[in-house]
Each structure stands twice: as C-alpha cells, then as structure tokens.
Amino acid sequence: MNANFASFLYLVSGVLFIMALRGLSHPTTSRQGNLYGMIGMGIAIATTLALATPSAGRFGLIVLGLAIGGGVGAITARRIAMTSMPQLVAAFHSLVGLAAVMVAAAAIYAPESFGIGTAGDIHAQALIEMSLGVAIGAITFTGSVIAFLKLDGRMSGKPIMIGGRHFINAALGIALIVLIVLLVGTESKLVFWLIVAASLVLGILLIIPIGGADMPVVVSMLNSYSGWAAAALGFTLGNLALIITGALVGSSGAILSYIMCKGMNRSFISVILGGFGGETAAAADDGIERTVKQGSADDAAYLMMNAQKVIIVPGYGMAVAQAQHALREMADKLKANGVDVKYAIHPVAGRMPGHMNVLLAEANVPYDEVFELEDINSEFAQADVAYVIGANDVTNPSARDDKSSPIYGMPILDVDKARTCLFVKRSLGSGYAGIDNTLFYKDGTMMLLGDAKKMTEEIVKAMDH
Amino acid sequence: MNANFASFLYLVSGVLFIMALRGLSHPTTSRQGNLYGMIGMGIAIATTLALATPSAGRFGLIVLGLAIGGGVGAITARRIAMTSMPQLVAAFHSLVGLAAVMVAAAAIYAPESFGIGTAGDIHAQALIEMSLGVAIGAITFTGSVIAFLKLDGRMSGKPIMIGGRHFINAALGIALIVLIVLLVGTESKLVFWLIVAASLVLGILLIIPIGGADMPVVVSMLNSYSGWAAAALGFTLGNLALIITGALVGSSGAILSYIMCKGMNRSFISVILGGFGGETAAAADDGIERTVKQGSADDAAYLMMNAQKVIIVPGYGMAVAQAQHALREMADKLKANGVDVKYAIHPVAGRMPGHMNVLLAEANVPYDEVFELEDINSEFAQADVAYVIGANDVTNPSARDDKSSPIYGMPILDVDKARTCLFVKRSLGSGYAGIDNTLFYKDGTMMLLGDAKKMTEEIVKAMDH
Amino acid sequence: MDQTLQKALDQLDQASAAVRLAVQNMATAPGGAEAAGNAAHAMSGGAIDPFVFRFAIFVLAIFVGYYVVWSVTPALHTPLMAVTNAISSVIVVGALLAVGIAASGVAAGFGFVALMLVSVNIFGGFLVTQRMLAMYKKKDK
Amino acid sequence: MDQTLQKALDQLDQASAAVRLAVQNMATAPGGAEAAGNAAHAMSGGAIDPFVFRFAIFVLAIFVGYYVVWSVTPALHTPLMAVTNAISSVIVVGALLAVGIAASGVAAGFGFVALMLVSVNIFGGFLVTQRMLAMYKKKDK
Ligand SMILES: NC(=O)c1ccc[n+]([C@@H]2O[C@H](COP(=O)([O-])OP(=O)(O)OC[C@H]3O[C@@H](n4cnc5c(N)ncnc54)[C@H](OP(=O)(O)O)[C@@H]3O)[C@@H](O)[C@H]2O)c1
Ligand SMILES: NC(=O)c1ccc[n+]([C@@H]2O[C@H](COP(=O)([O-])OP(=O)(O)OC[C@H]3O[C@@H](n4cnc5c(N)ncnc54)[C@H](OP(=O)(O)O)[C@@H]3O)[C@@H](O)[C@H]2O)c1
C-alpha cells in the first residue's frame, strides 16, 4: 500500500477514536461511539497488514496472536463482574504497558523493519522517543500490576512506606536519564534492558506507598501514562493513529485524575506521595457516649411506603454488597405505590468515577432517574426519606461545616436536609476517609445496621406485608 | 532561519490563536486571550521575516505596508462606534478576502519564491489548493462588500431577486470548476484572472438576494469562508499557522451562523436562499380595531420606582437609538432606590450575536447583572416590571403560542409573565420578522411610544421629581 | 544555469536508479531506502522534518482530548476508562509490524508477545465497554 | 550488496554536490531546491507527503475549533467575531513572503497590496477587540 494512503487511513482511525470518546457525552450516542472505536481499530490493523504484507508464515503467526489474545480478552469481558471493573481496567493497563516495552524491544532488535535506521546506526531521535516510550511503558506495567493486586484484594491495601523512598525514586530517575543518554551514545542492548529494569522497579516503588483506596486515582494516572507511552512510540514509528490516540488517552487519564482529586478535595500531589487511607480505619472513639436511633427493615419499609419522595444515595458499600439489584426491586415497589424515587450520585461515590452509575445501569435503573450532585442536591429539602446505602463520606456534613475536618471543602450530598435519613451499613465505622460521620447521631437519622443487600431484601419483603 | 524551527514557531502561533479563542469563555480571561492572539500574530510575522530575510529595500516596503495598513486599522478601531460593529466586521472580512486573492496572485507570478514549483511548472496540487483559496477569497471579498453596504445602510436592505439567479449561480459554479481544471492544465494567468472574476461576480450574486436583516448570518458565514480560504492557502504555502487558524476561523464562523439560525428558528438554507426580511415591514393591518394602553414617562418612572424587581429587555431599537447610556443611568437610579435590576438578553436580540452585551458593557453595565435567556426566563413571573426597550420579536408570544406564526418555535423572553410590561418603541410597527406583536394589546402592557433614548432620558428626569 | 541543473539532475537520476537496484538487492533488510531518503533529505535543505508535523499533530490532539473528555458525562466515566484503555491498544500497529516483517527472529518474538497482550486489550476493552453501555437505558414508557 | 549500495551512494553524493552548486547559482530563483527535493522524494519511496500531515493538522484543528468556539460564552460572541477576523489575517505570512523575496516585481506589488489590506485587519481587529473587552466589567463592590 502507498505510504501516503496508509497515513491517511491512520488519520481516519485517529478521528474515529475521537468520535468514540465524543459519543460518551450522552448514553444514547455512546454505543455508536464504541462502534466507531472498533471500526477505527479495525482500520488501523488492516492498514498495517496491507502496508507490511507479511509472508504467509508470519501472517499465520499474526492470526494466532490475535486469536489467543482476542479469545482471552473476549472471555474476560464477558465473565467479569461489573463490581470488578476497577481491577479489570488496571489489569488491562498493565498489558498495554508491557506491550509498549515489547514493541520498543522489537524495534531495537530490528530497526530496519521499523524504518528507524540500521542496526548499529539507529537515529538518535528515534532512540530518545523509544526510551521515553519504554520507560513510561514499563512504569505503567508494574504500577498497574500493583494497582490490580491492591484493588483485587490480593495484596494489602495498606500503604507500604519504605524508608528513604523519595531518595531511592530520585536516584532511579537520575539513573534513567543517564541510561537514556548512554543508549543514544552506544545503542547497547544491555543499556536498553537496564532502562527497562530501572523503570519496572520505579513503577513498583511509585505505587506501593499509595493506599488501596487511592488506587482509582492511580489507575487513571496510569491510563494517562499508557497514552503518553503510546504517543512516544507513535513518534518513533511515525504513526498518526498512535500519536493521536496517545494524546487522547493521555489527556483523558489526566483529566479523570483531576476530577477525582477535586471531588475528594485533595491535591494530586498528596495522592501520589501516598500514605493516605489504610484498609478499614476504625471509628474514632473519642470517649463521648452518643446515642443512635436504630431501626428495623419493617420500620424502613413503613417509612418509605408512606413517603411521597424518596432519594436513594448509593455508595461504596452497595458495590461491595452487590446490592444494586435488590435496590432496584425496592424502588420498583415504591414506584408501584406512587412514591417518587430518584437516585443521587456523588462524583466520587464508590471507588472509581462513574462507579455507581454502571452498577445501577446493570440493575436496569433507567439513567434518567439518576442525577448528579448539583442537579439534585436542592431536592433533599423536599424529600421525605433519603435512603443512604453503603455511602458514608459523601454524606458527611463535617465536609461542609467543620473547618478542621480533613475532608473540609469536599462537596457533599445534603441528605441531612431530608425529613428522615435511613443509613444502611454494617456498623458505625467510618468510610474511606476514616472520619467519623456525625450524621449517625442526628435526630432525623435512623441506622439500619447490616449488609446492604440483605437489609434491602428484607425491606422489600417487609413491603409486601 | 532553519525551516524546522520556523515551522515550530508557526505551530506556536497557531496554539496561541487557540488560546485566544479559549480566553473568550469568560470575560475575566478574555483580555489575556486577546493578548495571546496579538503575540501569536507577532510571532508569525517575525518568523516569516526571519525566514525570508528580505533585502533592505524590500524590508522598507514591508515596514511601509505595515505602517499604512496598521495606521488605518488602529484609527478605525479607535473611532468606530460600538453600534457599527456589524458593518466593521463585514468590512474587515472583505479585506481578508481580497488579501487572499492578492497573495494567490503573487504566488502565481512568482512561484519559486513560494516553493511551489517554477514558472510554467507549478505543482498541480498547489494550483488546486490555490484556486480554491482564490475563489473562496474573491467570494468573501465581494460578498462582504455587499454585506457591509447593506448593514451600513448605503444600499437598500431589500432582497434583490434576479430572475433565474439559481441558474446563473449554478452556471458560474460549473464555470469555476472548469476554469480550475484548465488552470491546472495550462497554468495560464488569464485563466487565473477569469477564476477571480467569476468568483467576484458569484460573491455579489450570492449575497444580494439576502435581506439586510439576515446580514449577520451572512457576515458570520463569510467569516467562515475567509477561514477556509486562509486554510487553502496555508496548504499551498505549507504554513502551519495558516492551516490551524483557517480551520479555527472556519469552524467559528460556521458555528455562529448555526447559533443564529437556531435562535431565529430558521434553517440555514432558507437564510442563504434569501428573500426574507425587507427594510421595515409595515404592521399587519387586519382591520380589527384593538386597543392599546399608552403611557407617559412619568407613569413609567412611577411604576418602576415603586417596583421591587425590574428586568430590562434590550433589543435592536436600543442599538439604533444608542440608548444604552441613558438606560444605565435609569438602572442606577432604580438601584439607588433599592430596586433589584437585571438585564435579560435573548440569543438573537439586536442584529449580531452578543450585540446587546457589547453595548451594555460599553455603558458600564457590569456583566454579572446581564443574564441569558435560560438563566432568567423563570424570573419574569416574580418581576414587577419588564422594561422592553427597542426589542420586539424576541418577546412575541406568538412564537410560543401560535403554531401558524412564521417564528413559531423560536424561544422567547416571557416578558408577558411580569406584572407590568413597559414597551419602549416608536410605533406599533413590527420588528425584523415583520410580524405583529400581540403583546402590545394585552392588559398588562403599557406602550411608551417614542425614541428609545429620548424616552429613557425622560423617565430618568421624571424619577428625579 | 539551466544546464548545470540539467546535468545535476541527470546524475541524480543515475544515482537514483543505482540505489533502487541496491534496495531491491536488500529486500530482506529494507534499511537502504531509509539511507537514501536521508541523503535526499539533507539535499533538499529547506524540507521540513516530519517530526515537526507529528509534534503539531500531537499538540492539537491533546487539545482535542482535553475538550472531548471534559464533554463526557460523569455517568459514563467508567466506560470512558474502559474505552480509552481499549483504544490505547493501537500500539498493536507496532506489534503487527514486528511480527509481520521484522528481519530478526528475536524481534518477531517480542512482537508476538506484544501482539497477544494487546489483543486481550482490544477485544476485552471494546467488548466490556459494549457490555457496560448496553446497560444504560432510558425509562421505558 | 554492500558494494552496490556504496557505489550508489557515492554517485548520489556527487549528484547532490552538483545540485547544490546549481542551487547556489540560482540564488535569485529558489525553485531549484524544490526540484531536487522532488527527485529525492520519488527516490525515498516510502516517505510520506507533507500534504498528509498538513491534512491531519487541518482536521484536528477543525475539531479544536469546534470545541473552543462552543465554549465561548454568548455574551462574548461579538468580540469572538472580531477576534477571529483579526487572526484570520495570518495570511499576512503570504503577503510578507511576496513583498520580501518575490523575484517578480508584479508579485511583490500584489504582495504589497495584500500586506496593506491585511495590516488594517491585524491592527484594527485586535485593537477593536481590546476596546470591546475592556468594557466588560464586573460589579465593583
Ligand atoms: N469514586 C471515586 O472515583 C473515588 C476515587 C478515590 C477515592 N474515593 C473515595 O471513596 C469514598 C467514597 O465515598 P462513599 O460514601 O461511596 O464510600 P465510603 O465513605 O468509603 O463508605 C462506604 C461505607 O460502606 C459501608 N459498607 C461496606 N461494605 C458494606 C456492605 N457489604 N453492606 C453495607 N455497607 C457496607 C462501610 O461501612 P461499614 O463498614 O459500617 O459497613 C462504609 O462506611 C470517598 O471518600 C471518596 O473520596 C472515591
Ligand atoms: N442577533 C442576531 O444575531 C440576529 C441575526 C439575524 C437576525 N436577527 C433578528 O433580529 C431580531 C432581533 O429582535 P429584537 O427584538 O432585538 O428586534 P426587532 O424585533 O427587530 O425589533 C426592534 C424594534 O425596535 C424598534 N425601534 C427601532 N428603532 C428604534 C428607536 N430609535 N427607538 C425605539 N425603538 C426603536 C422598532 O419598532 P418601531 O419601528 O416601532 O420603533 C422594532 O420593532 C429577531 O427577529 C432576530 O431573529 C438577529
């Protein structure tokens, strides 16, 4: 195929990827957007094959590789539980990172095939671009593996703080720069692998001090990294699709990290430096005896069935308990009874952006019953019941009222303005931020202690009486 | 200067232009944005000079050209009345269009200097790009001249409908394509000038059938055209700044045209085909006698001074009468008296997008007292007085209620929901759309017939009593 | 002047023919074309390095990314993460090249591993996104 | 194989030197470099035409324009028209080239006219925008 035409097709696939992201501006256009993305990927693959015209044997290898990987991918995609999305995304990022390293290695071992010079005489520019790509790729790989392990609970979510880690990281960073300069000078394969090794270690060291609960920000940041790695290799390969996509993915990850940090009212730097958020922080016990009004499923059923307006506030606990289907059933019962039911989603409810929305969508909750914070917050004042299920921090009034609180300034859902506030959780323990929630002890609050799913199911049963 | 570095600088200036438009997302950042634009232009000019390294004589010519043009431009910019902005923009567009033609001519006469081949052997691709640029440029030129004449009242705003004009336009279009093919084949200068001539005529023919009041859409469309012409020449000259800017300007003009058409609830095609909106259509006289409540400046002053909330709705008549300063004075008096004063701007009030905002800003009305339709429309129900000054169509309830009205479906400001609606205009005549406004005859309406400025001044005086 | 140019161009044509021959001889190692390209590049002097263009494309794509991502509705942020992950696997382009034409077996091997890894992503990423998006439904009434 | 290539490259160097000479001779008419560039382009075969890059840049800039203009607040639509008008006068680049180095006097003349026209725009456009924007003030309190 003519190189110009090929470049044009790569541009087309880059534009299709833009359209894919653009589609996500609304649920109705999103499916078509995803289709654009698939077509773009198809065009990129077909163009490369037409350009490379591999021999029959090599072509067989390609089909084999695509089939094995594709099969694994397709099965994973079908089987994965929606609640495991954060882990899945982290795992997928690690693959892209490692693939970037492998591609760069292939380019170093066969520079002619990639048009970046001949063995022993690779263009300096290509070497620089490549080493950037490989370093970022390797960091993405090990970083994502750690994030995956922490999110999947296979590794403790506790921050692992190694003494002098800032010093070690700085040393590794300097070593990386030296190695890249060396690589450009000597083009030695050993130096190349040293770069890979240093970056792999750096990836681990950068992520282990970050607490498990901060992993979503990390995953998004690694997403951004994988984009920059792809863009760097795109420069080496002179491939427009890679450059455009790399920039898109790079921006996207960076913006999502920013949105999350803003939603938590924390600085990106403080997240990255780590040390925040252990596993499950115990409730602060300040010795003051406070009374809590506890209720039963029957009480809750009675209250809601006689309400005019109920707003449901889901949080991380709903995801853990997989309570979304039971919740939907409960809402159906209420609606059948003429109650106005809405869902209120805080921007950082759950453990990744849009987490609650996906789970509710999975349970067939129509998206036009689901509202964002700024669109629904004023309605709590008119609501009879706020049904808070597995959410905690996102309702904590100290973020609004108590200047000394570590989460002060984070926007919250004003559930305390509702006539009654039902709180479904297993204990009086705190949430992700490890801060006591004063709402539990308020007059209008009724605690429904128990697992989110079980409790909701019991309420549904009680509604039938 | 190194060609690579020059290209990089052109990219920088393109990015600065993007930042210039980005700044306009908010008044506070807009001034800085404009500064970015100036810096970008400075970089583009300096880079070209460094690249071309003209002889001393030629350098003198350049300084002379910049000085003459710059002087005229600066003086015009300082002297022009804010109410003449539509004309000014049209006039400026015509300059860009003509300049594009001249640059293309220079390229044809000295192809080597532009790196597009040698005389008699210019690259076909460059010829195609250039003829597109020159054709669009010439259309922009004459089209903008007509728009300027119509907007400035030097030519009747009435649509001039030539018989068979669609046929003539189509013929000219086909002739243009044939000429372009010929140019690529023969590279004849005569053919080049024929292209210019045909495009100049086409520019005139395309715009004269369009009514004066539709000129804003035309100006915006021509803005878009001038962008595409610049981009086409950017391809010829291989200049990144031109390509990027052309695309920016092209999109911008297209989007503004779209916004205007949507605001008027008309299709772009119907605007372009022309024939709509004569000078001042007489009020529809359907023979039915309808009573109108007329009031005096004293009545108006009394009503407003005793109101709690007054919403001011300016329209085209305020611009014509230059009543913005008097209006501001009146609002000051009201505010001093404890009255809550806000301004409501319809998206197509006046004769160009943002027209009213500029005029109010000129009269020192703070922009946080000025609201867009969707942000203020619900407040009319709580307002005691809606002070409609020189606006008409944008308040016409038939757009909301009467399916047979030609403007049915256009969003309007619900001034009829205010307790009293004061209407300042010179007669019971209609506005731009030529449709009778039923609001004049409603109970809550009081007509203040007279020039907008004089009437407002009288009201201000009456307030002092 | 014209003659000098003519002579030069003739010589250039000769050289070009010779290089073409050399390149054909080297079918297995396509680095020759590259070398010739470079020589030519130095000659044409004023020509602009493709890097500049690529950089411009990169910068503009960042702007596009910035705007397009901010326009994504928060409710779809999880699918956004999945789909950006899926499209970041265009790196498959490099893997295909390595498996398809790399002269060295080692390189082809690396390419094959990359290809497998990234295929997981391509299929997994788009399909899981599709699965998620299929769940977002409007109230049916 | 290596010898053939060596020979070819030697010849190429010769040719290149000759072309350089020719180009120097043509200092007044820089078209020569272009011709040499083209010959070289055909040779390097796989090289990508700058047009493709420019087109990519154009397409991405349209996306950027689309988003950036929609993000402009309606209150500033009039300044937007003025500023886009001002920046569209980067066409000054072509005018400067024509006045600065055009071999033909006619071309330089056209360039001069273009330069004058477009200078009106540059200064007028930015200054009138500045004047307008200076008027947008917040409530002072
Ligand atoms: N969404 C994001 O992108 C993101 C990213 C990073 C960090 N974060 C952080 O995550 C937090 C999210 O707030 P949130 O209100 O959704 O969650 P949260 O504050 O972490 O609270 C979750 C609550 O759910 C309860 N819970 C856990 N398992 C449960 C089960 N099986 N049944 C019932 N309840 C259960 C827990 O209380 P018990 O132990 O008493 O049951 C816990 O208090 C915020 O602090 C946010 O900053 C979010
Ligand atoms: N903004 C845009 O971008 C744009 C673009 C294209 C078209 N348009 C169209 O323009 C119209 C704008 O609506 P509009 O309500 O602002 O204006 P309008 O409907 O055109 O009405 C303006 C009114 O001002 C009155 N008037 C004129 N001179 C006056 C003076 N010296 N003193 C007092 N009153 C005076 C006229 O009535 P008298 O003759 O009785 O005084 C006229 O009815 C819409 O139809 C819109 O579609 C707008």
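Computed from the coordinates by the stated procedures, all read-outs in this text should not be read as laboratory data. Model, not experiment: these values are computed from the prediction. Quick reminder, even Gly has a Cβ in these numbers, built from the backbone with ideal geometry, and neighbours come from all protein chains shown.
Quick one: Cα centre-to-centre distance for the range A:209-262 and the range A:389-437, in angstrom? Here the two parts' Cα centres lie 31 Å apart. Annotation: average projected area of chain A is 24.4 square nanometres, based on the convex hull of Cα atoms across all directions. The packing ranking of peptides A:196-203, B:302-309, highest mean first, is A:196-203, B:302-309, where packing means the average number of other beta carbon atoms within 10 angstrom of each residue. Taking amide H atoms as placed 1.01 Å from N in the peptide plane, the amide H of residue B:340 lies under 5 Å from those of B:309, B:310, each 5 or more residues away in sequence or on another chain. Loop-resident chymotrypsin sites (Phe, Trp or Tyr not before Pro) (DSSP state other than H, G, I, E or B) in the range A:341-374 with no more than 10 further Cβ atoms inside 10 Å of their Cβ are absent. With Cα atoms as the point set, the protein assembly as shown shows a radius of gyration and Dmax of 34.1, 105 Å.
Karplus-based coupling profile of the range B:244-253, in residue order and whole Hz: 5, 4, x, 5, 4, 5, x, 5, 4, x, with θ = phi - 60° in 6.51 cos²θ - 1.76 cosθ + 1.60 and x standing for Gly or Pro. Among the residues of B:70-82, the average count of other protein chain beta-carbon atoms within 10 Å of the residue beta-carbon is 6. Among the residues of A:345-354, the average count of other protein chain beta-carbon atoms within 10 Å of the residue beta-carbon is 3. For a label point 7 Å from the Cα of residue A:401 along Cα→C-beta, name the residues of the range A:417-443 whose backbone N is under 14 Å from it. Counting only backbone N, you get A:417-418, A:437-443.
Helices in chain A, meaning DSSP H runs of at least 4 residues, each add -39500 (n - 2.57). Divided by all residues, the mean residue ellipticity at 222 nm is -19500 deg cm²/dmol. Looking at the range A:127-203, the trypsin sites (Lys or Arg not before Pro) that sit in a DSSP loop and have at most 11 other Cβ atoms within 10 Å of their own Cβ are A:154. In the structure shown, the pairs A:158/A:454; A:454/C:138; A:342/A:453; B:293/B:342; B:309/B:403 are assessed against 22 Å; a Cα-Cα span above that value is assigned to A:158/A:454; A:454/C:138; B:293/B:342; B:309/B:403.
Which angle between 0 and 90 degrees, to the nearest 10, do you get for helix A:85-109 versus the longest principal axis of chain A when only C-alpha atoms count? Around 10 degrees separate the two axes.
Principal-axis analysis of the Cα atoms of chain A puts helix A:324-336 at an angle of about 50° to the longest axis. Per residue of A:215-222, other chain Cβ atoms within 10 Å of the residue Cβ number 1 on average. Our Cα-only numbers for the range A:119-270 put the radius of gyration and Dmax at 16.4, 51 Å. Each peptide among C:88-101, B:166-179 gets the average number of other Cβ atoms lying within 10 Å of its residues, and from highest to lowest they stand as C:88-101, B:166-179.
Using θ = phi - 60° in the Karplus curve 6.51 cos²θ - 1.76 cosθ + 1.60, the 3J(HN,Hα) couplings for the range C:87-104 round to 6, 5, 7, 4, 4, 3, 4, x, 5, 4, 4, 5, 5, x, 9, 4, 5, 8 Hz; x is entered for Gly and Pro.
Relative to the dominant Cα principal axis of chain B, helix B:56-79 is inclined by about 10°. Per residue, the convex hull spanned by the Cα atoms of the range B:297-463 measures out at 97 cubic angstrom.
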